[in-house]
Amino acid sequence: MKVTDVKTFIVDCFRTNWVFVKVYTDDGINGVGEGTLEYKEKALAGAVEHIKSYLLGKDPRQIEKHWHSIYRDAYWRGGAVLMSALSAVETALWDILGKSLGVPVYQLLGGKANEDCRIYVNGWFSGAKTPAQFGEKAAEAVKRGVTALKWDPFGKNYMQISNKELDTALECIAAVREAVGRDTDLLIEAHGRFDVPTGIKIAREVAQFKPMFLEEPVPPGNLEALKAVRDKSPVPIAAGERLYTRFDYKGLFSMRAADYVQPDVSHAGGIMELKKIAAAAEADYIPFAPHNPSGPVANAATLQLAACCPNFCILEIMYSDVSYRKYVTDERLDYKDGRIKIGDRPGLGIELNEEECLKHPYSEHNLRHYTGALTDIRPAETEFYF
């Protein structure tokens with residue numbers, strides 16, 4: 001079996017663009033991966049072209065060999081663009097291997113440790129502006145069986161937050177807690193945008209609501225700063241979506257800088273790299289809670305890891321999406337009471353509809369975090385897909 005082509009499909013999905021990669025072989029078995037990299041999609045597509053030059057004519061089943069060759073020969077190792085491209089291609093190779101053997105990818109990684117996985121939803125708050133609106137939308141989500149909710153209540157603040165604006169954020173969290181009760185987990189997102197004293201202050205203030213964790217209180221790239229917050233935080237700290245490979249994670253583990261780790265299969269190196277990161281976390285008794293706010297192929301890949309990682313804890317998933325998500329792939333999710341059952345289709349268990357992808361071409365989007373439009377992440381017409 002030899003690789004004959006590698007194609008990238010950039011698909012507008014309102015908040016960003018999904019970036020899918022498809023690897024073709026002379027045996028007619030094709031694999032899909034996803035490297036959705038918000039606001040840098042064209043750069044990612046260019047990086048995939050470089051990887052394509054290496055991969056053409058090679059056996060796609062030699063995944064570990066290819067990963068190391070691509071990573072080594074890039075010379076400028078790591079970073080969001082290269083690692084997202086490598087992640088997407090590596091995931092597609094696992095899809096090919098699973099399909100060629102007629103088994104799900106998780107079966108190639110030790111089999112099922114978990115029959116299903118718990119999820120927390122992101123994006124449930126779309127359009128909410130006031131604490132009351134957040135509370136109403138949270139109550140609606142719980143009625144659909146959701147047991148854990150994540151959101152960023154901190155407006156457009158950066159580095160510091162005034163007492164007045166922090167009080168507004170706390171009112172928002174209070175409204176959600178009151179609406180959903182004590183049995184629903186709240187996960188508070190900070191998007192890596194505060195300095196150390198502000199991160200500590202926020203952690204101490206949100207503790208009254210007993211969140212499952214506070215995510216990314218400080219910007220990535222300084223594990224000492226993250227540890228400084230964790231050391232003084234009364235709530236667990238989650239981080240890692242913007243760390244790439246096990247090499248980046250080595251420092252986080254040695255410093256005990258986070259209580260939950262959140263590598264992203266679309267960015268941290270792909271399926272095997274996340275398996276290795278999860279295993280390292282397991283040795284330190286750190287729960288594995290993958291970051292996963294992207295598209296259907298990344299979701300399918302992360303579910304493979306949820307199946308085979310013993311320390312898997314909870315999976316992020318978007319609450320709703322553009323109405324045509326159901327046509328872009330043949331995604332099938334078996335959801336009930338806040339959990340998704342792990343499927344048994346070969347490979348990743350998902351196929352890409354190329355014609356549908358081409359109907360929704362690239363559209364430029366910009367970061368909303370500091371514009372006051374953080375909650376405007378879904379169009380007026382959205383659909384639940386699970």
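Report, in deg cm²/dmol and to the nearest 500, the calculated mean residue ellipticity at 222 nm for the chain, where each DSSP H run with n ≥ 4 adds -39500 (n - 2.57) and the sum is divided by the residue count.
Taken over the chain, the calculation gives -12000 deg cm²/dmol.
With +1 on each Lys and Arg Cβ and -1 on each Asp and Glu Cβ, and nothing else charged, work out how big the dipole of the range 3-102 is about its Cα centre, in Debye to the nearest 20. Walk me through the intermediate numbers first.
Working: 12 positive and 13 negative charges, 38 e Å.
The calculation lands at about 180 debye.
I'd like to know how the chain sits against the 2.2 N^0.38 Å rule of thumb: what's its Cα Rg over that expected value?
Details: Rg = 20.0 Å, N = 386, 2.2 N^0.38 = 21.2 Å.
Taking N as the residue count of the chain, the ratio is 0.95.
I need the Debye-formula profile for the range 166-211: one equal scatterer per C-alpha, no solvent, reported as log10 I(q)/I(0) at q = 0.28 1/Å, two decimals.
Log-scaled intensity ratios, in q order: -1.13.
Once you place label points 7 Å from the Cα toward the Cβ at Lys58 and Tyr158, how far apart are they in nm?
Label-label distance for Lys58 and Tyr158, simple model: 3.9 nm.
If one computes the Cα centroid of the range 222-254 and of the range 325-367, what distance in Å separates the two points?
Here the answer is 31 Å between Cα centres.
Once you keep just the Cα pairs under 8 angstrom separated by 6 or more residues, what percentage relative contact order results for the chain?
Details: 842 pairs, mean separation 85.5, N = 386.
Contact order relative to length: 22 percent.
What order do you get for Trp76, Trp124 when you list them from fewest to most C-beta neighbours inside 10 Å? Each step should come with its number before you reach the end.
Values: Trp76 7, Trp124 23.
Starting with the residue having the fewest Cβ neighbours, the order is Trp76, Trp124.
Within the range 3-102, how many lysine pairs that are 8 or more places apart, or on different chains, have C-alpha atoms less than 14 Å apart? Each step should come with its number before you reach the end.
On the way: Lys7/Lys22; Lys7/Lys42; Lys7/Lys52; Lys22/Lys52; Lys22/Lys99.
Lysine pair count for the range 3-102: 5.
Hey, could you grab the Kirkwood Rh for the range 46-202? Inverse mean 1/r over distinct alpha carbon pairs, Å, one decimal. Working shown, then result.
On the way: mean 1/r = 0.0511 Å⁻¹.
About 19.6 Å, per the Kirkwood formula over Cα pairs.
With a 10 Å Cβ neighbour count serving as the proxy for reagent exposure, in which order, fewest first, do Tyr370, Tyr75, Tyr385, Tyr260 appear?
Details: Tyr370 13, Tyr75 6, Tyr385 18, Tyr260 21.
Ordered by Cβ neighbours within 10 Å, fewest first: Tyr75, Tyr370, Tyr385, Tyr260.
Using unit Cβ charges (K, R positive; D, E negative) and no other charged atoms, how large, in debye to the nearest 20, is the dipole of the chain about its Cα centre? Intermediate results must be reported in sequence, preceding the final value.
Numbers: 47 positive and 53 negative charges, 122 e Å.
The dipole of the chain has a size of about 580 debye.
By how many nm would the segment from His50 to Ala279 lengthen if fully extended, with 0.36 nm per residue of separation less the alpha-carbon distance? Let's see the in-between values first.
Numbers: separation 229, 0.36 × 229 = 82.44 nm, distance 3.02 nm.
Net length gain for the segment: 79.4 nm.
I need the calculated FRET efficiency for the pair Arg256 and Glu140, taking r as the beta carbon distance and R₀ as 35 Å, to the nearest 0.05. Display every interim value, and only then the final one.
Numbers: r = 38 Å, r/R0 = 1.08.
Taking R0 as 35 Å, the efficiency between Arg256 and Glu140 is 0.40.
Taking 8 Å as the Cα distance limit and 6 or more residues as the minimum spacing, I'd like the relative contact order of the range 1-104 as a percentage. Please report the intermediate quantities before stating the final value.
Working: 183 pairs, mean separation 33.9, N = 104.
Once normalised by length, the contact order is 33 percent.
For Asp152, Asp95, what ranking results if the residue with the fewest other Cβ atoms within 10 Å of its Cβ goes first?
Working: Asp152 19, Asp95 31.
Ordered by Cβ neighbours within 10 Å, fewest first: Asp152, Asp95.
To the nearest whole percent, what portion of all C-alpha pairs in the range 3-102 is separated by more than 23 angstrom? Walk me through the intermediate numbers first.
Values: 998 of 4950 pairs.
Across the range 3-102, Cα pairs with separations above 23 Å total 20 percent.
Can you give me the angle between helix 163-180 and the longest principal axis of the chain, using Cα atoms only, in degrees from 0 to 90, rounded to the nearest 10?
Tilt of helix 163-180: around 70 degrees.
Read-outs throughout are calculated quantities, based only on the coordinates presented, and are distinct from any laboratory measurement. Here the structure is a predicted model, which is why all the values come from computation and not from measurement. Cβ sites come from the backbone with ideal geometry, for glycine too, and all protein chains shown count toward neighbours.
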